[in-house]
Amino acid sequence: MNIHEYQAKELLKRYGVAVPDGFVAWTAEEAVQAAGKLPGPVFVVKSQIHAGGRGAGRFADDPGGKGGVRVVTSLDDVRAAADAMIGHTLITKQTGPAGRVVRRVYVEAGCDIARELYLSLLVDRVTGRVTIIASTEGGMEIETVAAEQPEKIQRVAIDPASGLSGFHGRRLAAGLGLTGKQVGAFGKFVAAMYKAFLELDCAIVEINPLVVTGAGEVIALDAKVSFDDNALFRHADLEKLRDEAEEDPKELEAAKYSLNYVALDGNIGCMVNGAGLAMATMDIIKLYGMAPANFLDVGGGATKERVAAAFKIILSDPNVEGILVNIFGGIMRCDVIAEGVVEAAREVKLSVPLVVRLEGTNVAQGREIMARSNMPIIPADNLADAAHKIVTAVREAA
């Protein structure tokens with residue numbers, strides 16, 4: 001689960017992470033009132049959406065204008081900036097061409113920036129440990145730095161038995177070129193950030209940029225926090241921070257039925273049981289020349305109703321030109337899948353090619369249910385056959 005920048009900063013501040021003062025505003029008038037609580041004369045007005053690259057982004061109704069992060073020097077400019085953002089669609093590299101509607105802004109005190117650095121914590125899948133990543137190239141996307149200047153990235157994996165120690169901070173500080181009191185400030189910053197990461201069950205905490213001020217302070221100028229969805233049952237307070245307006249409606253609907261759904265950019269809708277089989281299905285669709293429109297794992301104990309809901313969610317994506325159902329029945333019975341698919345296809349008046357590959361428990365019954373349905377369902381014998389048939393059917397229908 002992702003949250004907004006201002007929410008991330010409020011949480012991190014509780015743990016002792018240094019952040020600039022700021023206030024959230026839902027209207028231009030509230031933005032002016034927020035700025036009035038800050039010392040000035042420099043203010044920063046930031047669009048609040050769940051996407052990076054806001055400063056370099058552009059608004060759909062003003063493509064040649066300024067981005068979603070603006071530095072201003074008067075209350076009138078604060079009002080103008082907020083007016084230009086709230087209610088308007090911001091397009092960035094991460095939003096895609098559709099962009100995101102800005103519903104609130106964060107008005108923050110200006111900062112005397114001497115240096116911009118990068119700092120993040122995440123769980124490294126290779127080591128299985130919480131890992132600190134730091135770089136002197138703050139303000140840049142870390143993926144770009146990794147590709148073009150990998151020598152400028154430091155990685156420190158933390159042993160879960162001994163935890164974070166002072167030498168971790170000092171080692172990173174040295175690599176970042178920090179000196180004097182900056183080293184101590186950075187060590188406290190990292191310790192606070194690490195504590196927040198563990199106690200909040202975070203998936204990632206990213207500070208980009210982490211700035212060193214002219215006075216030698218170390219401050220989080222931006223903050224991105226994402227939580228492990230599987231741990232949210234321990235954090236009812238964090239659940240309240242969810243902004244459903246920032247989430248894909250299809251993913252929200254899938255969550256109601258305990259379906260694992262992630263929207264993608266392709267044109268072949270996928271319904272599979274099991275994450276590994278789902279990944280293999282997406283791979284083979286790519287191999288045969290098209291791209292998956294989603295990841296959807298119905299799980300091992302799905303009911304007919306959940307299968308029907310999954311089918312409808314797939315078809316709610318206007319980019320879907322065909323559907324591939326790939327089920328290997330163990331706990332999941334093929335006849336249950338077949339009943340759900342047939343019921344959903346009838347209800348939504350299926351208008352795109354549908355290929356179904358069933359194997360495993362009650363497969364004969366499942367195939368018979370589909371054959372008797374009189375629905376235009378194309379059966380497949382195996383995964384390769386299914387991928388070939390759905391790609392061919394979509395191309396013929398185009």
Quiz item: Counting every Cα pair in region 166-274, what percent are over 19 Å apart?
Solution: 61 percent
Quiz item: Which whole-number percent of Cα pairs in region 342-398 have a distance greater than 16 Å?
Solution: 46 percent
Self-check item: Apportionment of accessible area to carbon and sulfur, region 230-385, percent (1.4 Å)
Solution: 52 percent
Exercise. Can you tell me the equivalent ellipsoid semi-axes for region 32-161? Use √(5λ) from the Cα gyration tensor, largest first, whole Å.
Key: 32, 19, 14
Quiz item: Per residue and in cubic angstrom, what volume does the convex hull of the Cα atoms of region 45-115 have?
Solution: 96 Å³
Self-check item: DSSP beta bridge pairing in the chain, given as percent antiparallel to the nearest 5
Solution: 75 percent
Quiz item: Packing-wise, with mean Cβ within 10 Å as the measure, how do 233-245, 72-84, 93-105 rank, highest first?
Solution: 72-84, 93-105, 233-245
Exercise. Distance between Cα centroids, region 64-126 to region 181-228: provide it in whole Å.
Key: 19 Å
Quiz item: How much FRET efficiency would the formula 1/(1 + (r/R0)^6) give for Leu287 and Asp62, where r is the Cβ-Cβ distance and R0 is 51 Å, rounded to 0.05?
Solution: 0.75
Exercise. Kindly rank 139-147, 22-30 from highest to lowest mean number of other beta carbons found within 10 Å of each residue.
Key: 22-30, 139-147
Exercise. Hey, can you find the accessible area per residue of region 208-262 for me, probe 1.4 Å, expressed in square angstrom?
Key: 51 Å²
Practice problem: Please give the direction-averaged projected area of the C-alpha convex hull for region 302-398, in square nanometres with one decimal. | Solution: 5.6 nm²
Quiz prompt | Average projected area [Cα convex hull, region 1-88], square nanometres | solution = 6.3 nm²
Quiz item: Per residue and in cubic angstrom, what volume does the convex hull of the Cα atoms of region 1-48 have?
Solution: 86 Å³
Self-check item: Scaled radius of gyration (Cα, divided by 2.2 N^0.38 Å) that region 230-361 gives
Solution: 1.06
Self-check item: Peptides ranked, highest mean first, by Cβ atoms within 10 Å: ranges 205-218, 376-389
Solution: 205-218, 376-389
Practice problem: Could you state the accessible area per residue of region 102-146 in Å², with a 1.4 Å probe and every protein chain left in place? | Solution: 43 Å²
Self-check item: Cα pair distances in region 300-353, grouped into 10 Å bins until the bin that holds the longest one, percent each
Solution: 25, 56, 19, 0
Quiz prompt | Pairwise centroid distance, computed over Cα atoms, of region 1-63 with region 322-398, Å | solution = 48 Å
Quiz prompt | Distant alpha-carbon pairs in region 215-271 (separation over 14 angstrom), percent | solution = 72 percent
Exercise. Taking the convex hull of the Cα atoms, report for the chain its projected area averaged over all directions, in nm².
Key: 22.3 nm²
Quiz item: Counting only Cα, what are the radius of gyration and maximum Cα-Cα distance Dmax of region 84-172, in Å?
Solution: 17.6, 50
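The values are calculated or read from the model by the stated rules, or taken from the named source; none is laboratory data. Owing to the predicted nature of the structure, the values given are computational and were not obtained by experimental measurement. For neighbour counting, all protein chains shown are included, and Cβ atoms are generated from backbone atoms with ideal geometry for every residue, glycine included. To get the accessible areas, we keep the full protein, side chains included, count just its heavy atoms, and leave off ligands, DNA and RNA. Shrake-Rupley method; radii C 1.70, N 1.55, O 1.52, S 1.80 Å.
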